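This report concerns only the one structure given below.
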Amino acid sequence: MFSEAELLAVFRALSNPARRQMLVWLKEPMSFPGQEPEDVEIGVCVTDIQQRAGLSQPTTSQYLTMLRQAGLVIATRRGKWTYYRRDEANIARLVETLRDVF
């Protein structure tokens, strides 16, 4: 069950259309150009997300950090690159909490 503070972080993260869209895109990581099947486990490179979003690198990173802090995505560092994937277990927990609370 999500705490009230955790729910607030999720609602804040999802209040922005670009952040919501990033979460939707990450549901289908193979939709990103150049994504290889073996990459799915670590996620999508922040550069690929930034290019699709059409946002600056700092804004994209800030948005993804907010989604990570809300528990919606997982970040993995590989060298100088950061990859993001959805945290499906935590998203399922969120859905369960929302079902119970509302």
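The values are calculated or read from the model by the stated rules, or taken from the named source; none is laboratory data. No experiment lies behind these values; they were computed from the predicted model shown. Here Cβ is always computed from backbone atoms with ideal geometry, including for glycine, and neighbour counts include all displayed protein chains. The protein model used for the area step is the full one, side chains on, heavy atoms only, and it has no ligands, DNA or RNA in it. Shrake-Rupley method; radii C 1.70, N 1.55, O 1.52, S 1.80 Å.
Each residue in region 34-90 was checked for being in contact with a Lys or Arg (Cβ under 9 Å, 6 or more places away or on another chain), within 19 Å of S15 (Cα to Cα) and charged (D, E, K, R), and 2 pass.
Look at region 1-26: where a residue is within 16 Å of T65 (Cβ to Cβ) and a partner is among the basic types (K, R) and open to solvent by 50 Å² or more (accessible area, probe 1.4 Å), sitting 6+ places away or on another chain with Cβ atoms under 8 Å, you get L14/R20; L26/R85. Within region 2-14, restricting attention to residues that are surrounded by 14 or more Cβ atoms within 10 Å (Cβ to Cβ) and not charged (D, E, K, R), the residue that is farthest from the chain's Cα centre (by Cα) is F2. Within region 46-102, track down each residue that is loosely packed, with under 12 Cβ neighbours inside 10 Å, in contact (Cβ under 8 Å) with a residue 24 or more places away in the chain and basic (K, R). R78, the sole residue that qualifies. Taking region 23-45, which residues are within 21 Å of K80 (Cβ to Cβ), touching a strand residue (DSSP E or B) at 6+ places or on another chain (Cβ under 9 Å) and assigned to a helix (DSSP H, G or I)? Passing the criteria: P29, D39.
From the list D48, D39, which one is touching a Cys at 6+ places or on another chain (Cβ under 9 Å) and not polar (S, T, N, Q)? Break it down into steps so the answer makes sense when it comes.
Numbers: D48 fails: touching a Cys at 6+ places or on another chain (Cβ under 9 Å).
On inspection, the qualifying residue turns out to be D39.
Please go through region 15-45 and give me each residue that is open to solvent by less than 40 Å² (accessible area, probe 1.4 Å) and within 13 Å of the chain's Cα centre (by Cα), ordered by number. Passing the criteria: N16, A18, R19, M22, L23, L26, P29, I42, G43, V44, C45.
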